[in-house]
Amino acid sequence: MAKIPEEAKEFLTTHLAYVATADEKGRPNVVPKGEMAILDTQTIVFADLYSHQTKRNLTKNPHIAITVVNPAAYRGYQFKGKAKIIERGEAFDRIAGQVRGYGELSHPDAKYAVKVSISKVIDISYGDTGDKELQEK
């Protein structure tokens, strides 16, 4: 597993993320996710409220990529790893509570969350640092 660098942690929790999964035949699915949380130095968790295809894909194929970008600044990170669907426990309670209090919109209660063990963090920013795999210092 890879450690998530501090600058990538902050970036992930303050920008819209896009989650990519694939089914057992390799057909891709990409959806935006508004709430991400850092569980520890190697783990991300997010609630999945609307995307039933994400759950179906992860049940068959746990590989996942999460991309978060700031297009105005040409900065971004990609997180790759393996996902596990969780429906109870401390990590689930944390992200479900975070989503419940998010913004002015009314969200349904989270039925499940996705816990991702990170294997790689890549800086996808424009310029010399782009596509560079990051290591925690």
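Taking GluC sites (Glu not before Pro) across segment 1-43, the ones in a DSSP loop with at most 11 further Cβ atoms lying within 10 angstrom of their Cβ are GLU24.
Under a Gaussian network description of the chain, with springs only between Cα atoms under 10 Å, the residue in GLY97, GLY89, GLY34 that fluctuates furthest is GLY89.
Sequence-distant contacts, meaning Cα pairs under 8 Å at least 6 residues apart, place the relative contact order of the chain at 29 percent.
Comparing mean-square fluctuations of ALA72, ALA20, ALA113 from a GNM of the chain with C-alpha springs under 10 Å, the top value falls on ALA72. Rounded to the nearest 500, what is the chain's calculated 222 nm mean residue ellipticity when only DSSP H runs of at least 4 contribute -39500 (n - 2.57) each, over all residues? When only DSSP H runs of four or more count, the value is -6000 deg cm²/dmol. Label-to-label distance, LYS60 versus MET1, with points set 7 angstrom from Cα along the beta-carbon direction: 2.8 nm.
Is the shape of segment 28-89 best called rounded, prolate or oblate, per the rule: a/c under 1.5 gives rounded, else a/b larger than b/c gives prolate, else oblate, with a ≥ b ≥ c the square roots of the Cα gyration tensor eigenvalues? Prolate, because a/c is 1.5 or more and a/b exceeds b/c. The local environment of THR13, defined by Cβ-Cβ distances under 14 Å, has a net charge of -2 under the rule Lys, Arg +1 and Asp, Glu -1. Could you identify which residue out of PRO28, PRO71, PRO62 has the top mean-square fluctuation in a GNM of the chain using Cα springs shorter than 10 Å? Greatest mean-square fluctuation among the candidates belongs to PRO71. The chymotrypsin sites (Phe, Trp or Tyr not before Pro) of segment 1-51 that DSSP puts in a loop, and whose beta carbon has at most 16 other beta carbons within 10 Å, are TYR50.
You can think of it this way: the chain between ILE85 and TYR50 has 11.2 nm of extra reach, that is 0.36 nm per residue less the Cα-Cα gap.
Laboratory data are not the source of any read-out in this text; all were calculated from the coordinates shown. Note that the structure is predicted; figures quoted are calculated from it, not measured. When we count neighbours, we look across all protein chains shown, and the Cβ atoms used for this are built from the backbone with ideal geometry, even at glycine.
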